[in-house]
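Quick notes on the structure that follows.
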Amino acid sequence: MGALDGIKVLDLSRVLAGPFCGQMLADNGAEVIKVEAPGGDLNRTFPYAVGDGQTSNWLSVNRGKKDITLNLKSPKARDLLDALVAKMDVVIQSFLPDTAEKLGVGYERLHAINPNLIYCSISGYGAKGPLRNKPGYDTLVSAYTGLFAMTGESDRPPVRLGVAAIDMSTGMLAYSGVVSALLAREHGAGGQRVDASLLESGVTLLGYQGVAWTAGNVLVEREGAGFSTISPYGVYRARDGEILIGAPAQNKWLLVCDVLEAPELATDERYASNESRCRHDADLRIDMEAKLVAQDVHTWLPQFEAAGVATAPMNTIDQVLQDEQVLANDMVVPAKRPDGTTVDLLGLPFKLSGTPGKPGSAPPEPGQHNDSVFSKLLGLSISEIEALKDDGAI
């Protein structure tokens, strides 16, 4: 069994955050019904194109779902929505608050239809405040929450994060909120609203840098690949590539010197303490790389690891997704397409021993499950479903 077997979810959300929440629910056994407009989700048009008219955006967050189409501006589609909501445990939506109300998917209305419903609303800037109706996009909210400004070299303009960290973390946090609400419902709390937003996720990701400001009035600035307060700790050039080396304590620094066979660095006054190494970090980089250039990255790695020094290669995505350790933890999984072929997708980021998640089939085509969902869940006949198609409701 899956942890969420028997749970029914209506996923009205779009792009990444909400659909990722829905995908994790599906991976853990929930029956997730993805709702698209008749023309298809905008996410199907975003980069990167991977063939067969599909994009990596769509494939990355819609695994294991059933797919129906509803034109929420149609009264007949609204009736279908209401009938489905009455049978659901969870609804996920990511419309702007005012848009949700206009489309009939606001919390109060759906809660009245189904008081036991867990209603998950995902927004850009939160459910309250003057920006509650402002559209939110990962990169823009990254700038708004300070993550953008903290990323890059100190003497250069800031750079965006290389991944959609806020979108994806919002999906994870929404998932945890939904599961928490389902657990509370089991204890008698009934249905409730779960709010998650890119803004709140971005502020949460500030972590200890944020608390440095709130608790100590310390404003952390861009530090590049390393840390201004720890040296050596960063990316260094070896003969054939780059290697990350971290020595956060004095004994680790001495071990670095041993591995590099550089006793002169251990006795150099400029490098006698972490504080002095930080002051002379540029010189230390030159001296370390003069040693590192003698060997390849994968020759150095086992030597540092054997000595107990924190180290890692600077992998590219293709290297990561073929890495033995990544594959051993089931982070690349095949998903079956309707035609019987498979596509490799990313695995579930947490594992349960007793009720393990099971990544489902490849993301569906628009309206792929219209007939089965409307007939099995709502009892509609084939002729009634065809009439709805002709009417433009689905």
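General observations
- Enumeration of residues in the stretch 250-269 that are in contact with a helix residue (DSSP H, G or I) (Cβ under 8 Å, 6 or more places away or on another chain) and closer than 11 Å to residue 309 by Cα: 253, 254, 255, 256, 257, 258, 259
- If only residues of the stretch 40-54 that are in a loop (DSSP other than H, G, I, E, B) and under 15 Å from residue 67 (Cβ atoms) are counted, the one that is nearest to the chain's Cα centre (by Cα) is 41.
- Residue match in the stretch 270-282 (condition: assigned to a helix (DSSP H, G or I), out of contact with any helix residue (DSSP H, G or I) (no Cβ under 7 Å at 6 or more places or on another chain) and either aliphatic (A, V, I, L, M) or under 30 Å from residue 132 (Cα atoms) (or both)): yes
- If only residues of the stretch 258-300 that are in contact with a strand residue (DSSP E or B) (Cβ under 8 Å, 6 or more places away or on another chain) and under 12 Å from residue 230 (Cβ atoms) are counted, the one that is surrounded by the fewest Cβ atoms within 10 Å (Cβ to Cβ) is 278.
- Selection within the stretch 300-320 - in contact (Cβ under 8 Å) with a residue 24 or more places away in the chain and out of contact with any Ser or Thr (no Cβ under 8 Å at 6 or more places or on another chain): 303, 307, 308, 309, 310, 311, 312, 313, 314
- Members of the stretch 1-15 found to be within 20 Å of residue 116 (Cα to Cα) and either of a type in the set (Asp, Glu) or surrounded by fewer than 20 Cβ atoms within 10 Å (Cβ to Cβ) (or both), listed by number: 3, 5, 6, 8, 11
- Subset of the stretch 144-161 [without any contact (Cβ under 8 Å) to a residue 12 or more places away in the chain and either in contact with a helix residue (DSSP H, G or I) (Cβ under 8 Å, 6 or more places away or on another chain) or closer than 18 Å to residue 209 by Cβ (or both)]: 159
- Residue check, residue 118 under 16 Å from residue 94 (Cα atoms) and touching a strand residue (DSSP E or B) at 6+ places or on another chain (Cβ under 6 Å): yes
- One residue stands out among those in the stretch 92-117 that are β-branched (Val, Ile, Thr) and either in a loop (DSSP other than H, G, I, E, B) or under 17 Å from residue 197 (Cβ atoms) (or both): the one that is nearest to the chain's Cα centre (by Cα), which is 92.
- Members of the stretch 294-339 found to be touching a Pro at 6+ places or on another chain (Cβ under 9 Å), assigned by TED's automatic domain parsing to the domain that holds residue 24 and not in a loop (DSSP other than H, G, I, E, B), listed by number: 333, 334, 335
- If you check 375, 353, 361, 383 for being of a type in the set (S, T, N, Q), in a loop (DSSP other than H, G, I, E, B) and without any contact (Cβ under 8 Å) to a residue 60 or more places away in the chain, only one passes: 353.
- Flag if residue 244 is assigned by TED's automatic domain parsing to the domain that holds residue 18, at pLDDT 95 or above and of a type in the set (A, V, I, L, M): no
- Long-range neighbours under 9 Å by Cβ, at least six apart or interchain, first residue farther than 15 Å from residue 248 by Cα within the stretch 263-280, second of a type in the set (S, T, N, Q) and in a helix (DSSP H, G or I): 269/276; 270/276
The values are calculated or read from the model by the stated rules, or taken from the named source; none is laboratory data. Predicted model only: the values in this text are computed from it and were never measured. All Cβ positions, even for glycine, are placed from backbone atoms using ideal geometry, and neighbour counts span all protein chains on display.
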